[in-house]
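Report on the following structure.
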Amino acid sequence: MNNSIIQLIVLAAVAIFLILRLKSVLGTRDGFERSAKDTAPGPEETKQKFEVIDGGPDLDITDHVPEGSSSANALAAMKRLEPSFEVGGFLKGARGAYEMILMAFERGQLDEVKPFLSPPVYEAFAAAIADRKARGLTVEAEFMGLRELALDAATLDGDNDAELTVRFVGELVSVSRDAQGNVVEGDPRTARKQRDVWTFARKMGAADPNWVLVATGG
């Protein structure tokens, strides 16, 4: 028998050994691994899981208003009309809108925020700014941040017009100076709390995603 035949026999034997070894390893389960039959949920288990998911509270709502309240019911109806609507997302946007609108008012620059103000709110802000100018006052302001942000109420009428009322507590450094530069109100070195309750409105399902500020209070 020549060397080449011997080498072929040896290689064939090695290949058979490796195949048997791999088969023994891959075909073995350890004691902690569940079979496909064990891991697949039965009909009753599947039903229970879906009941928990479908029947449980919507945390996006109950994290902000009491479950079963009129506000919670209004928010649920908003979500049915517009499934992409999220209370958490709205409040995140309200946080940014509050700072933007508040600072625009303090600085007397309403043009950039006019699309987010209802006509009555815009006119009230513009009148206050005009009064400051008539008295020769200028305002220097810096927004320091929000200490509190909470949803106070939610309503939805039969025409799908939604209103969300939000409570803000912010910190602001604001100083009013007269024509001579004297401080008339505020302190340039001390932040003051700014408390506001604002109501935003929007027709649910409308193409325009922007909420409009329709009422302000303290």
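Projecting the Cα atoms of 165, 94, 145 onto the dipole axis of region 79-218, where Lys and Arg carry +1 and Asp and Glu carry -1 at the beta carbon, places 145 farthest toward the positive end. DSSP loop chymotrypsin sites (Phe, Trp or Tyr not before Pro) in region 181-218 with at most 15 other Cβ atoms within 10 Å of their Cβ, which ones? Hits after loop and neighbour filter: nothing returned. What is the sum of charges, Lys and Arg at +1 and Asp and Glu at -1, for the other residues whose Cβ falls under 13 Å from the Cβ of residue 59? That sum, taken over residues with Cβ under 13 Å, equals -4.
Near residue 126, within a Cβ-to-Cβ distance under 12 Å, what is the net charge of the other residues, with Lys and Arg +1 and Asp and Glu -1? Counting the neighbours of residue 126, the net charge comes to 0.
Cα centroids of region 166-194 and region 96-133: 16 Å apart.
Take the cross-link list 133/193; 92/133; 133/203 and give me the ones stretching past 31 Å between alpha-carbons.
Details: 133/193 24 Å; 92/133 33 Å; 133/203 36 Å.
Listed pairs above 31 Å: 92/133; 133/203.
For region 96-161, the list of trypsin sites (Lys or Arg not before Pro) that fall in a loop by DSSP and count at most 12 other C-beta atoms within 10 angstrom reads 135.
Each reported figure results from applying straightforward, stated rules to the coordinates on display, with no laboratory input. Because the structure is predicted, anything quoted here is derived from the model rather than measured. Every residue, glycine among them, receives a Cβ derived from its backbone with ideal geometry; neighbour counts consider all protein chains shown.
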